[in-house]
Structures are given as C-alpha cells and as structure tokens.
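Quick notes on the structure that follows.
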Amino acid sequence: MSGIDWTRLASWEAREAHTLGPWAMHSAATAGREHPEPPHPFRGPFQRDRDRIVHSAAFRRLAHKTQVFTGADGDYHRSRLTHTLEVTSIARTLARALALNEDLVETLALGHDIGHPPLGHAGEDTLAELLEHDGGFNHNAQALRIMRLLETRAAPFPGLNLSREVLDAQATRTRDGTAPAPLLETQAVDAADSIAYDTHDADDAVELGLVTLDELHDLPLVAEAAARARERLGTPAGPGRRRAVLHALVDLQVADLVAESRAAIERLGVDSVARVRAVFDGGVGGRGVRVISHSPALAAGKKQLEMFLFQRVYRSERVMTVRAAAQEKLARLFRWYVAHPDELPARFRARAADCGLPRSVADYVAGMTDRYLEWDHDRRTW
Ligand code: MG
C-alpha cells in the first residue's frame, strides 16, 4: 500500500478534531511551556507531558510509597503507584465518555500524587509540622515543586517544563487561590481520584481484616453495588463476592458521574473552556461549581462510606500505630539532615542557598520511598 494519509489517520490534531467536545481542552489551544520547545513530529503537547511524568524518578518512587497501608501489611494492598494507575484507568474512561482530552486527563492522573512524601498522609503531616515556620508542607504543592524544579532532565533548565495547563491543574489542588478555575479534565481526575480511593481502601481494609464485607454492606451505597453485582453475576461466594461488589461500586460511581456530568454540560450550556471557567467562578461564597459531579444521592452515599473508612480504617489502631512509629523516624531523619547539611546530596546542598536549608531537607526527605527512609534511618546510631 502506498499513499496512506497518515496525517488524517494518526495525527493528534485529527484525533482531537474527531473526538473532543467543545468543552474539552484542545491541545492546539495550549498556553505552551515556560521554556519554549520545538513541536514533536508526532506527539501532541500533553502526550509529551505524560511521557515526562512516566519517565520521572518521582513517578517510579510511587511504587514504594504508602497509600494507606505500608509494606509491613503484606503485598495485596495498593501502593501509591497502583492507586495512581487505578485513578488513571477511571479518569480515561471518564475522558472518553465525556469527550474530554484523554491525553491531558492521563497526564494529570499519572502526576496527581507524585508530591507525596514517604508514609502517605502520615509523612505529610509530620513534614507540615516540621516546616510550620518555614512555609509548611503539602503534597500537592510539592508535586508542583517536583514538576517545576526538582526533577532533572537532559535540558538546560530545571524541572519537567510541562505545559501550562498541567501546572495550573496541579495548582488548583493546592487551593491557595492563585490557580485559574479547573478545566473539565482536572475535574474528571479529581472525581476519579475519589472513586478510586473510596473503593480500593474499602477493598484493602476487608483484605486486611479491619472491616468485614457485611459491615460495608450496611452502607447504602455498597448495598446498592451489591444488588447490582447480584443482578449481573448471581451470588458468587468467597473472594469472588467481594470483587464483584467492588467492581460494581466503581461502575456505579462512574455511571452516575457520566450521566450527571453529561446532563450538566447540556443544562449549563457548557460549550467552551471559557464557559467551564465561568460556571466554576459563578459559585457562591467562593465555592466553585463543578460540571463534573455526582448526583446528590450518590454524593451522600460516598460521604457515608468516607466517614466509615475514616473511623474504621484511617484512624484504626493498626494504621495509627504504624503511623506514629514511622512519623518518629521521618522527624528524626529530617532534624539530622538539618544538623548535618554536608551529608545531603550535592544538588540539595546547593539548592539550600536559594530556598533555605529546612525546605531543601524537606525536598530530599519527601523524595524518599518508605523503604529508603527506613534504611537511611536504621543505618545510623541514634
Ligand atoms: Mg490520589
């Protein structure tokens, strides 16, 4: 065969022209990068952003960072990396169902948690305390530091030099009020994050014996998922039952979100990115209006599930005990590096001149995996 029209068949411009709604962020409309770069022959700007995140050290280290449970809890449960991949999977489904920019959604999902320090929110809380008088610590802000400054590539500037839209999306998560209203792609990833963790944390908690499936079934949202699973699959016994219910729980949330968001796009006349932003900024009392959102009934069901998980899982004795021990190690190591700056890797030592020693130590420690932190702590005599 000759004379194949590859531009028509395979270019991102052609793909987007066919698949994106007018409410989506079109790649051609990107505000570009802080440091201008020539276009790539066949990858669009957000495809390149996604690849930069996947190839980053911060992304790889998610494999050995805690989501909720640590490595000491076995090897069934989610790590920060598998959480990220589940979010990405759900977010891509949403992107296709809502005619959003799938490349951008994938980029935002893969990058959304790269700022997490070791030990998940336990590590974050400890660093926030240690930096109380030095600007604080927040995993969403840290992700921005990684993207803009800390990751190094073979380029004459620091950071990943990502597209403006990716940085803005991450900035909306810091809630410091400086970011523009979130694109629908950002809203979809936020919703996918919540669907993923509400479901997989319940699954992990049952596997680890913190709660039983029957207790979960007392929650209306899970009961509804169980009813749907029964409709489709009958009543499987044992682990098959749990899987069927949890799959149905994801499906239920995704289906609700798609139906509600499609209806909202029509009802609110969302026909451009400008309109997405106007709708968001039109919220009363500074609360943005999200086009990508659940029905009130499903949102209420999620709230109940989240309360249950908070009390029975995130604040369980088992999680809290591990958390306290890990926090002590992290705090001790942080103080040790502040007292021994010469022991920092050269680039963190050099950066301390610009951002101050506590911040640079936090950057270094936050980049550690759970197991590296453990190793670096335990090899010293205290
Ligand atoms: Mg997340």
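The values are calculated or read from the model by the stated rules, or taken from the named source; none is laboratory data. In this text, all values refer to a predicted model and were calculated from it rather than measured experimentally. With ideal geometry, Cβ positions are generated from the backbone for all residues, glycine too; neighbour counts draw on all protein chains shown.
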* Asked: Which one of the conditions (1) part of a loop (DSSP other than H, G, I, E, B); (2) in contact with a strand residue (DSSP E or B) (Cβ under 8 Å, 6 or more places away or on another chain) does Ala24 fail to meet, given that it meets all the rest?
  -> (2)
* Structure fact -> So, first residue more than 17 Å from Ile114 (Cα to Cα) and in a loop (DSSP other than H, G, I, E, B) in region 69-82, second residue more than 16 Å from the ligand (Cβ to nearest atom) and among the basic types (Lys, Arg), Cβ within less than 8 Å, six or more apart or across chains; the pairs are none
* Verdict on Ala95 being within 11 Å of the ligand (Cβ to nearest atom), crowded, with 24+ Cβ neighbours inside 10 Å, at pLDDT 95 or above and in a helix (DSSP H, G or I) -> no
* **Residues of region 179-190 satisfying the condition of being surrounded by fewer than 24 Cβ atoms within 10 Å (Cβ to Cβ) and in contact with a helix residue (DSSP H, G or I) (Cβ under 7 Å, 6 or more places away or on another chain)** => Ala179, Pro180, Ala181
* **Checklist (1) over 21 Å from Leu167 (Cβ atoms); (2) outside any loop (DSSP other than H, G, I, E, B); (3) more than 18 Å from the chain's Cα centre (by Cα); (4) not hydrophobic (A, V, I, L, M, F, W, C) applied to Arg48, failing item** => (1)
* For Arg277, indicate whether it is of a type outside the set (Phe, Trp, Tyr) and either assigned to a loop (DSSP other than H, G, I, E, B) or more than 15 Å from Trp23 (Cα to Cα) (or both). => no
* Structure fact -> Residue set Arg228, Arg173; condition among the charged types (D, E, K, R), closer than 30 Å to Asp271 by Cα and crowded, with 16+ Cβ neighbours inside 10 Å; output residue Arg173
* To do: Determine, yes or no, whether Arg332 is in a helix (DSSP H, G or I), among the basic types (Lys, Arg) and touching a Leu at 6+ places or on another chain (Cβ under 9 Å).
  => no
* To do: Given the conditions (1) within 16 Å of the ligand (Cβ to nearest atom); (2) part of a helix (DSSP H, G or I), report the number of the one that Pro182 does not fulfil.
  => (2)
* Structure fact -> Counting only residues in region 111-125 that are buried (at least 24 other Cβ atoms within 10 Å of the Cβ) and in a helix (DSSP H, G or I), the one farthest from the ligand (Cβ to nearest atom) is identified as Gly123
* **Matching residues in region 59-70 - criterion: being away from the ligand (no atom under 14 Å from the Cβ) and either at positive phi or out of contact with any Ser or Thr (no Cβ under 7 Å at 6 or more places or on another chain) (or both)** => Arg60, Phe69, Thr70
* To do: Determine if region 203-224 includes at least one residue that is within 14 Å of the ligand (Cβ to nearest atom), closer than 13 Å to Phe308 by Cα and either free of Cβ contacts under 8 Å to residues at least 60 places away in the same chain or not acidic (Asp, Glu) (or both).
  => no
* Enumeration of residues in region 71-85 that are surrounded by fewer than 20 Cβ atoms within 10 Å (Cβ to Cβ) and within 16 Å of the ligand (Cβ to nearest atom) -> Leu81, Thr82, Leu85
* Only one of (1) without any contact (Cβ under 8 Å) to a residue 60 or more places away in the chain; (2) part of a loop (DSSP other than H, G, I, E, B); (3) under 30 Å from Ala278 (Cβ atoms); (4) not aromatic (Phe, Trp, Tyr) is not met by Ala154, so which one is it? -> (3)
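Evaluate region 62-85: report whether one residue or more is acidic (Asp, Glu) and modelled with pLDDT of 95 or more.
No: region 62-85 contains no residue that is acidic (Asp, Glu) and modelled with pLDDT of 95 or more.
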